[in-house]
1. Can you give the angle from 0 to 90° between the axis of helix 345-356 and the longest principal axis of the chain, with both taken from C-alpha atoms, to the nearest 10?
2. Using the Karplus curve 6.51 cos²θ - 1.76 cosθ + 1.60 with θ = phi - 60°, what ³J(HN,Hα) values do you get for each residue of the stretch 369-377, in whole Hz, with x for Gly and Pro?
3. Which whole-number percentage describes the relative contact order of the stretch 3-65, with Cα contacts under 8 Å and a sequence gap of 6 or more?
4. Listing 77, 208, 311 from the residue with the fewest other Cβ atoms within 10 Å to the one with the most, what is the order?
5. Which order results if 275, 194 are arranged by neighbouring Cβ count within 10 Å, fewest first?
6. Using a Gaussian network model on the chain with a 10 Å cutoff between Cα atoms, which of 356, 188, 334 fluctuates the most?
7. Suppose every K and R has +1 on its Cβ and every D and E has -1 on its Cβ; what is the size of the dipole of the chain about the Cα centre, in Debye to the nearest 20?
8. Helix 79-88: angle to the longest alpha-carbon principal axis of the chain, degrees 0 to 90, nearest 10?
Amino acid sequence: MAYIKTNSRLSGAPSYTVMWRAGGSRTGAWCRETFDDDDPAKRFRDLVNGHGQQWPPGWVKGEGFVEANEPPLPDSEKFAVYAHAYVGLLTDISEHTRTNYTRFIDNHMIPWFGELSVSDRGSRLTRNHVSQWILDLQNGRPGPLHPAGTKRRAYAPKTIANFHGLLYSIFQSAVSADPALRDSNPCAHTRLPKGNDTEDDEVFLEPEEYALLKTHVRADAVDIVDALVSTGLRWGEITALQPRDFTFASKRPTLRVQRAWKRRGEGGTFLGAPKTKKSRRTLVLTPEQVKLFQRRCRGKKPTDLIFTAPEGGAWHSGVFYAHRWKPAIDAANAVGLTKRPRVHDLRHTHASWLIAGKVPLPVIQARLGHESITTTVDRYGHLLEASDDEVVAAVEWAMGATIPDAMTQAA
């Protein structure tokens with residue numbers, strides 16, 4: 001009887017090999033066929049057993065059932081065409097993201113998969129193809145369809161995970177199609193490389209470090225830097241603020257985040273909705289923040305931008321970095337600052353100051369506009385070590401409780 005043997009590939013992914021002796025005899029030649037997933041292997045095993053331990057009629061080893069006059073594979077099932085069509089029909093992404101996805105497919109997938117099929121017909125793309133692709137990305141090797149002499153750089157584990165996530169979604173749509181184009185997703189169960197980074201992705205500044213950095217920021221950029229670190233807003237949110245976003249004549253002045261700069265697919269930017277639903281949020285303002293924002297709003301119309309470049313118009317992030325941020329960092333490093341934060345690290349720094357002030361994580365989540373508390377915990381949970389003393393004190397207080405005298409005497 002045919003049976004299934006489970007193996008582990010070099011990539012760590014499992015494979016399922018159906019094995020049997022031809023004709024079912026003890027002296028019959030060993031036969032085998034390997035699958036990426038358990039279910040197709042089980043179906044093939046049952047076919048072999050149903051045909052007296054022989055290859056099922058019409059089955060070609062390594063390819064599956066092949067009809068004598070099978071029509072050629074339609075272009076719509078070829079990887080390049082199918083992947084582009086999939087991205088083109090996504091309805092929940094911006095045009096900028098669609099452009100990026102298309103570029104990922106063209107540069108990092110088609111040179112490996114361009115001649116393969118997303119369906120179970122023709123030269124189907126398998127888990128082995130995906131594993132080899134991951135190894136090539138990790139080691140900076142070109143794909144089979146790259147021109148001779150092509151040089152590729154090695155990609156970081158996080159970048160490879162992003163590419164893999166897109167590829168997984170493409171093939172999952174083929175599995176979920178009606179009718180289904182294939183039985184299984186070749187990206188499932190593939191192991192991704194792990195990062196070996198010895199440094200944190202985020203840089204957190206102590207208040208004294210920020211004060212040192214601030215002394216080297218040019219005068220026309222001090223207000224926007226102060227606003228970034230004191231609110232935790234993203235660059236695209238702070239530079240989209242307008243006077244109508246503030247409520248100053250109130251017992252508790254507030255700022256409402258209700259728009260952000262977005263990228264167009266063909267290039268350029270426009271004002272649109274914030275990053276996520278929870279990014280649309282209201283922040284309470286300190287007296288010092290009120291002074292800063294009132295100063296920036298003075299003389300402006302309700303729909304004017306309150307932070308603008310010296311020549312007018314919105315600040316461009318690249319220009320700000322090159323002409324304001326980097327010179328300030330270089331100068332601060334020269335006099336003792338040991339860190340090189342990015343502009344976005346002012347947002348992380350803001351969160352770290354709130355944690356140091358014992359602000360609860362759900363409050364920080366709401367202030368930063370994180371869609372899930374998990375994001376807040378994963379990114380800043382390690383900073384909660386400062387609360388260890390409070391945890392120890394709380395446990396000792398609870399465990400040190402004694403029975404009231406009245407109850408002791410009654411017992």
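1. 70 degrees
2. 3J(HN,Hα) across the stretch 369-377, in whole Hz: x, 6, 5, 9, 4, 4, 4, 5, 5.
3. 27 percent
4. 311, 208, 77
5. The order, fewest Cβ neighbours first, is 194, 275.
6. 334
7. 1060 debye
8. Value to nearest ten degrees: 30.
Every number here is computed from the coordinates shown, using simple stated rules; none is lab data. Keep in mind the model is a prediction, meaning the values are calculated, not measured. Quick reminder, even Gly has a Cβ in these numbers, built from the backbone with ideal geometry, and neighbours come from all protein chains shown.
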